[in-house]
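Peer 1: I am attaching a structure below and will ask some questions about it afterwards.
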Amino acid sequence: MTKKQKKVLYRIIITAVLLVILHFVPDLGVFTFFLYLIPYGIIGYDILKKAFKGIRNGEVFDENFLMAVATVGAMALALYEEIKGGTGEFTEGVAVMLFYQIGELFQAVAVGKSRKNITALMDIRPDYANIEKEDGSLEQVDPDDVEIGTVIVVCPGEKVPIDGKIIQGSSTVNTSALTGESVPRSVSEGDEIISGCVNLSGLLKIETSKEFGESTVSKILDLVENSSMKKSRSENFISKFAKYYTPAVCYSALALAIIPPIFNLILGNPMAFDVWIIRALTFLVISCPCALVISIPLSFFGGIGGASACGILVKGSNYLEAMAKTKYVVFDKTGTLTKGVFQVTKTYVDSEWAKTITTANGAEATFLSLAAYVEGFSNHPISKSIKDAYGKELDLSRVTEVEEVSGHGVKAKVDGVSVAAGNQKLMRALGLSCPADTGVGTVVHVAIDGVYAGYLLISDVIKDQAKEAIAGLKAAGVKKTVMLTGDNKGVADYVASTLGIDQVESELLPADKVTWVEKLLNQKEKGENLAFVGDGINDAPVLSRADIGIAMGALGSDAAIEAADIVLMDDNPIRIALTMKIARKCLTIVYENIVFALAVKAVCLVLGAFGVANMWMAIFADVGVMVIAVLNAIRCLKVKQ
Amino acid sequence: MKKTYKIEVDCANCALKMEEAAKTVAGVADATVAFMTQKMKVEFVEGADDKEVMQNVLKACKKVEDDCEIFLD
């Protein structure tokens, strides 16, 4: 609790105690009024002051005004009863003010606490950077003052303050604050490292490559902190609603106080002004719009906070709202559903050739090593993947007479044996036949000593969680999943059918992707949203064209963070369905609160107008509803993974 | 030009009122107040002097919500 809140708490306690004492004081007529003025003053002076200032500034209709009028009215009526000779109900006016303050205090504490929780989730801001001095001791400096190219030292347990490259040391780092991924990542000399990671084991020396303000951690913090600036439609609805609602209620209350007594006068009945004024005052207390005004932004803020704890950055409440209504999800293939790295996925050794091999390692190992050697001098990604599959250090002096055959492949002598590796055309040129049905991907055929030996199939690997992710989206109510890719049809169709994607469009240029997204946007019905998921590197136009652009594996990629509406920090596609789940839950809570608060208020307003609801019920309708709505809103923060 | 200011305000409704008030000040193209993060983001009209405009924004906000504070620095 802050100092301000503590002060209110003391005032609440004192007033409550005074009310209990006054309850046992016998009726002293008009003097009782003055006794009750003491707790009333203690609990309500700031509200009265604010209401008065509001009126003076022409800002009449706010909750301070509502409370002031209601309580002053109640006190005045009680005084009127006393003067008439009856017993006035002074407790009511003081109690309304007391409960209003309790409600406000609760709200302030609850909101403050959840704000702290959410900021704690996002507490990745490093406070200092260590710079090694000449005598070897470390000096802590403000990360803002560190220039590009400075060497900083990160001890175990410390956060990496600035993006850079490791120049000395190796360690494991925890990236969970950034990605939600709890498995530590190991890093060593030469690796790029991003700020916000926590160094777990070894000492790291890092040469900074960016300024603090441009580093990942600053960008993310900036993004999250500004996220509540982009307001959702529900939030805008409430602010508009509050603008008309409060004056409407005040005029209704006024009408309620005046019109029925006038009718009574015309009909010749007693005017019963006091009865109708009480009803009008009750009406005012009920009408306070706090529950709505506070709980809706709190829900969205909680949802965004909960999401960011899972490594999902949502750039605004409006995107969270839009995400809940996503019916179409369009994917980019490479880097999104597949890992975007080429690997040898199949090794086929011709059985005829295998019979001629008698080495201890067996035919397949010999085949792979010869293929790796013949590709030894090439830096092409395909060659690299073959060398990776072989996995051992190559002694390139064994390779002689290397000859690149453009568009076909490569020929060389390995230990004096001629080896050729390349496509079908190369085999044909050598007068060899090779199997046509190889599977989807890039095929490298290998001929050894003039005999066809087999082939290696190299393809992009589908992410482990991709299938589950697509199924999750379907379960979450997505109507259609589409994959757009620049890759060839065979590969695209294979990936799509493996994952269960509904529609696939292949061999597209980047501009074609935009056209396709536009086509899909035209197809969907109103109130349905289309999300595009890409790895963000060359998808910027599509990301901004879709209703929601989701960038994936965006750590360190500034372009993606800029272009997308939602950023998934790690590259796990399963988080898309999780984002939808969070969005849905958040929106459900928002609607629950809107409906619940408006319904309770409407019922109480009607009951109040007819005199069924008294002041105590009015207090529930105001403070009680607000407390329930705030507690409900806090649920948004909890995310089940 | 856009700038973000730290603010202090107690209730969500007051934050809304501050937002409305700030929007009406001359030199302000748009303003948003986030109650949750206690921040005010102001977009200035081209060529406006932000320091001067913010003084007026503060005045306008104080008028609708006596208790609020905008930290100008």
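Peer 1: Taking 56 Å as R0, compute the FRET efficiency from the Cβ-Cβ separation of A:Glu364 and A:Lys474 and round it to 0.05.
Peer 2: That pair, A:Glu364 with A:Lys474, gives E of 0.90.
Peer 1: Whole Å is fine, so just give me how far the alpha carbon centre of the stretch A:377-395 lies from that of the stretch B:41-58.
Peer 2: About 60 Å separates the Cα centre of the stretch A:377-395 from the one of the stretch B:41-58.
Peer 1: Of all beta bridges DSSP finds with both residues in chain A, what is the antiparallel percent, to the nearest 5?
Peer 2: The antiparallel fraction comes to roughly 70 percent.
Peer 1: Something else now. Given Cα pairs under 8 Å that are at least 6 residues apart, what percent is the relative contact order of the stretch A:14-155?
Peer 2: It comes to 18 percent, rounded to a whole number.
Peer 1: Further, regarding this structure: Run the Debye formula on the Cα coordinates of the stretch B:2-71, all scatterers equal and no solvent, and tell me log10 I(q)/I(0) at q = 0.19, 0.26 1/Å.
Peer 2: The calculated log intensity ratios at q = 0.19, 0.26 Å⁻¹ are -0.61, -1.17.
Peer 1: For chain A, find the longest principal axis of its Cα atoms and tell me its angle to the long axis of helix A:466-475, 0 to 90°, nearest 10.
Peer 2: For A:466-475 against chain A, the angle is about 30 degrees.
Peer 1: Now a separate question. 7 Å from Cα along Cα→Cβ at both A:Leu9 and A:Asn488: what's the point-to-point distance in nm?
Peer 2: Calculated label separation equals 7.1 nm.
Peer 1: With θ taken as phi - 60° and the coefficients 6.51, -1.76 and 1.60, list the Karplus ³J(HN,Hα) couplings across the stretch A:34-42 in order, rounded to whole Hz; mark glycine and proline as x.
Peer 2: 5, 4, 6, 4, 4, x, 4, x, 4
Peer 1: Would you mind computing, in nm to one decimal, how far apart the modelled labels at A:Leu265 and A:Thr150 are, each placed 7 Å from Cα along Cα→Cβ?
Peer 2: Using points 7 Å along Cα→Cβ, the separation is 7.8 nm.
Peer 1: Name the chymotrypsin sites (Phe, Trp or Tyr not before Pro) in the stretch A:369-442 that are in a loop by DSSP and that have at most 16 other C-beta atoms within 10 Å, would you?
Peer 2: Answer in residue order: A:Phe377.
Peer 1: So how do A:His408, A:His23, A:His380, A:His445 line up by other beta-carbon neighbours within 10 Å, fewest first?
Peer 2: Sorted ascending by nearby Cβ count, the order is A:His23, A:His380, A:His408, A:His445.
Peer 1: Restricting to DSSP loop positions (anything but H, G, I, E, B) with no more than 12 other Cβ atoms inside 10 Å of their own Cβ, which trypsin sites (Lys or Arg not before Pro) remain in the stretch A:352-456?
Peer 2: Listed in order of number, the matching sites are A:Lys355, A:Lys392.
Peer 1: Can you bin the stretch A:118-272 into rounded, prolate or oblate? Criterion: square roots of the alpha carbon gyration tensor eigenvalues sorted a ≥ b ≥ c, rounded for a/c under 1.5, prolate for a/b above b/c, oblate for the rest.
Peer 2: Prolate, since a/c reaches 1.5 and a/b exceeds b/c.
Peer 1: Would you order A:Lys159, A:Lys3 from fewest to most other beta-carbon atoms within 10 Å of each residue's own beta-carbon?
Peer 2: Fewest to most other Cβ atoms nearby, the residues stand as A:Lys3, A:Lys159.
Peer 1: Hey, another quick one. Work out from phi, with θ = phi - 60° and the Karplus expression 6.51 cos²θ - 1.76 cosθ + 1.60, the ³J(HN,Hα) of each residue of the stretch B:27-36, listed in order in whole Hz, and give x for Gly and Pro.
Peer 2: In residue order, the calculated couplings are x, 9, 7, 7, 9, 9, 10, 9, 5, 5 Hz.
Peer 1: May I ask for the angle, rounded to the nearest 10°, between helix A:574-609 and the longest principal axis of chain A, with both axes built from Cα atoms and the value confined to 0 to 90°?
Peer 2: 10 degrees
Peer 1: Sorting A:Met427, A:Met626 on the 10 Å Cβ count, fewest up front, what's the list?
Peer 2: Fewest to most other Cβ atoms nearby, the residues stand as A:Met427, A:Met626.
Peer 1: Percent relative contact order of chain A, based on C-alpha pairs within less than 8 angstrom and at least six residues apart?
Peer 2: Relative contact order comes out at 15 percent.
Peer 1: Ok, one more. Report the label-to-label distance for A:Glu181 and A:Asp142 in nanometres (one decimal), using points 7 Å from each Cα along the Cα→Cβ vector.
Peer 2: 3.4 nm
Peer 1: Follow-up question, since we're still on this one. Between the helical axis of B:50-64 and the dominant principal axis of chain B, each derived from Cα atoms, what acute angle in degrees is found, rounded to the nearest 10?
Peer 2: So the helix axis and the longest Cα principal axis differ by about 30 degrees.
Peer 1: Another question, if that's okay. Tell me, what ³J(HN,Hα) does each residue in the stretch A:139-156 have, in order and in whole Hz, if you take phi through Karplus 6.51 cos²θ - 1.76 cosθ + 1.60 with θ = phi - 60° and put x for Gly and Pro?
Peer 2: 10, 8, 10, 5, x, 4, 8, 7, 8, 4, x, 6, 9, 10, 10, 10, 7, x
Peer 1: Related question: Sequence gap at least 6, Cα distance under 8 Å: using those rules, report the relative contact order of the stretch B:2-71 to the nearest whole percent.
Peer 2: 43 percent
Peer 1: What is the calculated FRET efficiency for B:Ala29 to A:Phe237, with r their C-beta to C-beta distance and R₀ = 22 Å, to the nearest 0.05?
Peer 2: 0.45
Peer 1: State, to one decimal in nm², a quarter of the convex hull surface area for the C-alpha atoms of the stretch A:253-325, i.e. the direction-averaged projected area.
Peer 2: 7.4 nm²
Peer 1: May I ask you to work out the translational diffusion coefficient for the protein assembly as shown at 10 °C, viscosity 1.306 mPa s, via Stokes-Einstein with Rh from the Kirkwood sum over Cα pairs, reported in whole µm²/s?
Peer 2: Answer, rounded: 52 µm²/s.
Peer 1: Return the average number of partner chain Cβ atoms within 10 angstrom of each residue Cβ along peptide B:13-26.
Peer 2: 3
Peer 1: Rg and Dmax of the stretch A:338-484 over Cα atoms: what are they, in angstrom?
Peer 2: Looking at the stretch A:338-484, its Cα Rg and Dmax stand at 18.1, 62 Å.
Laboratory data are not the source of any read-out in this text; all were calculated from the coordinates shown. Keep in mind it's a predicted model, so treat the numbers as computed, not measured. Glycine also receives a Cβ, built like all others from the backbone with ideal geometry; neighbour counts cover every protein chain displayed.
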